[in-house]
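The values are calculated or read from the model by the stated rules, or taken from the named source; none is laboratory data. Keep in mind that what you see is a predicted model, and the values were worked out from it rather than measured. FYI the Cβ positions are ideal-geometry reconstructions off the backbone, even for glycines, and counts take in every protein chain you see.
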Amino acid sequence: MSQKVEFFFDVVSPYSYVAAIQVARSDVLKDVEWRPFFLGGVFKASGNQAPISVPAKGRYMAQDLKRLFAYYDTAYTFPAVFPTNSLMAMRALAAAEPSQVKALALALFSAYWSEGKNIGDAAVLADILPADLLAQASDEAVKEKLKAATDEAVARGAFGAPSIFVGDDLYFGEDRVFLVEHALKG
């Protein structure tokens, strides 16, 4: 892979999870940089809103997610608390070493979207993430790191999650992963 590929995501986003499944399974996307950002901040800065806030999109999303998770042979349970506040989870991921982010993110995605656990609950996070990362999530430097990643993504054109960049080119949505692979194959 000659171009830098960055995968911006928030674990509260089901479509980020569908993209994460594809990225994790891809032979082409092995060197992707997993970049946590805060979707609430992206929505606020870009003027966008969550699909669930539009009734017709919300109804469609419920059907769409069942189809997508079945297609990718991944367990799916719509969480009882949706959306949940993912800020602490995303800060903890921002505190992690880059080499840890993928595995930790996949664990959070699975807990929320496959098991229906409320990752906005500190006790649930404590069962999933290392204690040192949860402690660091309250540090001002980590808060600023997540905010900077969110601001960077928005400045580069992101308006939702997932947002994947190949160099400077934005690919939005789980349904664009194949185009990212295609771009990298040249």
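For this structure, a couple of remarks:
- Meets criteria (exposed (fewer than 12 other Cβ atoms within 10 Å of the Cβ), hydrophobic (A, V, I, L, M, F, W, C) and more than 21 Å from residue 25 (Cβ to Cβ)) for residue 80: yes
- Residue count, region 5-17 (criterion: in a loop (DSSP other than H, G, I, E, B) and either in contact with an Asp or Glu (Cβ under 7 Å, 6 or more places away or on another chain) or aliphatic (A, V, I, L, M) (or both)): 2
- Meets criteria (aliphatic (A, V, I, L, M), crowded, with 16+ Cβ neighbours inside 10 Å and part of a loop (DSSP other than H, G, I, E, B)) for residue 158: yes
- When each of 96, 131 is tested for being at negative phi and under 16 Å from the mean Cα position of the chain (by Cα), the lone residue that passes is 96.
- Condition check for residue 76: of a type in the set (Phe, Trp, Tyr), assigned to a loop (DSSP other than H, G, I, E, B) and modelled with pLDDT of 95 or more: yes
- Residue check for residue 148: touching a helix residue (DSSP H, G or I) at 6+ places or on another chain (Cβ under 6 Å), surrounded by fewer than 19 Cβ atoms within 10 Å (Cβ to Cβ) and of a type in the set (A, V, I, L, M): no
- The number of residues in region 162-175 that are closer than 22 Å to residue 49 by Cα and without any contact (Cβ under 8 Å) to a residue 24 or more places away in the chain comes to 4.
- Residue count for region 36-46 under the criterion of being exposed (fewer than 15 other Cβ atoms within 10 Å of the Cβ) and in contact (Cβ under 8 Å) with a residue 12 or more places away in the chain: the result is 1.
- Number of the exception - residue 60 against (1) touching a Pro at 6+ places or on another chain (Cβ under 9 Å); (2) outside any loop (DSSP other than H, G, I, E, B); (3) within 12 Å of residue 162 (Cα to Cα): (3)
- Test: residue in region 104-120 that is in contact (Cβ under 8 Å) with a residue 40 or more places away in the chain and part of a strand (DSSP E or B): no
- Test: residue in region 52-65 that is surrounded by 15 or more Cβ atoms within 10 Å (Cβ to Cβ) and aromatic (Phe, Trp, Tyr): no
- Looking across region 18-41 at every residue that is in a helix (DSSP H, G or I) and in contact with a strand residue (DSSP E or B) (Cβ under 8 Å, 6 or more places away or on another chain), the one that is nearest to residue 145 (Cα to Cα) is identified as 20.
- Of all positions in region 135-157, at least one carries a residue that is more than 20 Å from residue 92 (Cα to Cα) and aliphatic (A, V, I, L, M).
- Residues of region 5-24 that are aromatic (Phe, Trp, Tyr) and either touching a Pro at 6+ places or on another chain (Cβ under 8 Å) or surrounded by fewer than 24 Cβ atoms within 10 Å (Cβ to Cβ) (or both): 7, 8, 9, 15.
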